[in-house]
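K.L.:
Structure provided below as structure tokens; questions to follow.
Quick note: the coordinates plus some simple rules give every number you see, no bench work behind them. Bear in mind that the values here come from a model prediction, so they are computed numbers and not experimental data. Because the Cβ atoms are built from the backbone with ideal geometry, glycine has one as well, and the counts that use them run over all protein chains shown.
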Amino acid sequence: MPRSTIRRKYELEIVKVRNENPTWSKEKIARYLEKEKGIKLSPSTVYRVLKAFRLIERTKSIKQKTKQHSKNRRRTKISLRARYPSEVVQIDLKHIVLRGVTGLFHQLCKLSY
């Protein structure tokens with residue numbers, strides 16, 4: 001049998017499975033054909049056939065949709081402006097360990113706005 005005949009037979013089988021199960025992905029169709037029909041095809045081959053028969057649409061994945069949604073979201077701006085002295089204070093604390101010295105030392109920095 002010529003290769004084109006075999007390929008045409010597989011194409012018709014892919015189209016048939018797709019029409020029966022329109023929500024299945026290319027991976028699921030390829031697994032189904034391999035397990036149930038004994039036809040081993042790669043998901044990319046299934047995709048090419050579905051695309052040729054215009055049975056698949058290129059859509060954005062859920063991950064891309066959520067990524068785009070979060071990009072449009074605005075961040076809440078928090079204002080740390082002091083209305084009077086020492087209203088806003090920033091404190092940085094650093095633990096310092098010195099070799100040969102027992103005890104625990106802290107460096108404390110307080111900034112007042």
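K.L.:
Around PHE53, which amide H atoms from residues at least 5 apart in sequence, or from another chain, sit under 5 Å from its own amide H, with H modelled in the peptide plane?
P.N.:
Close amide H contacts, sequence-distant or interchain: none at all.
K.L.:
Same structure again: Taking the Cα-to-Cβ direction at LYS9 and at TRP24 and moving 7 Å from each Cα, how far apart do the two end points lie in nm?
P.N.:
1.9 nm
K.L.:
In terms of modelled amide H atoms, which long-range or inter-chain residues lie less than 5 Å from the amide H of VAL88?
P.N.:
The list, which skips near neighbours in sequence, is TYR113.
K.L.:
Just want the ordering: VAL88, VAL46, VAL17, VAL97, from fewest to most Cβ atoms lying within 10 Å of their own Cβ.
P.N.:
Fewest-to-most ranking of VAL88, VAL46, VAL17, VAL97: VAL97, VAL88, VAL17, VAL46.
K.L.:
Ok, one more. How high is the relative contact order of the range 3-58? Use alpha-carbon pairs under 8 Å, at least six apart in sequence, and give a whole percent.
P.N.:
33 percent
K.L.:
Pull out a ≥ b ≥ c, the square roots of the eigenvalues of the alpha-carbon gyration tensor of the range 3-58, then state rounded if a/c is under 1.5, prolate if not and a/b is larger than b/c, and oblate in the remaining case.
P.N.:
Here the range 3-58 falls in the oblate category.
K.L.:
Work out how much length ARG83 to LEU111 would gain on full extension: take 0.36 nm times their residue separation and subtract the Cα-Cα distance, in nm to one decimal.
P.N.:
Taking ARG83 through LEU111 to full extension adds about 8.6 nm, to one decimal.
K.L.:
Moving to a separate point now. Which far-off residues, 5 or more places away or on another chain, put their amide H under 5 Å from the one on ILE39, with H placed in the peptide plane?
P.N.:
Under 5 Å from the amide H of ILE39 lie the amide H atoms of GLU34, each far enough along the sequence or on another chain.
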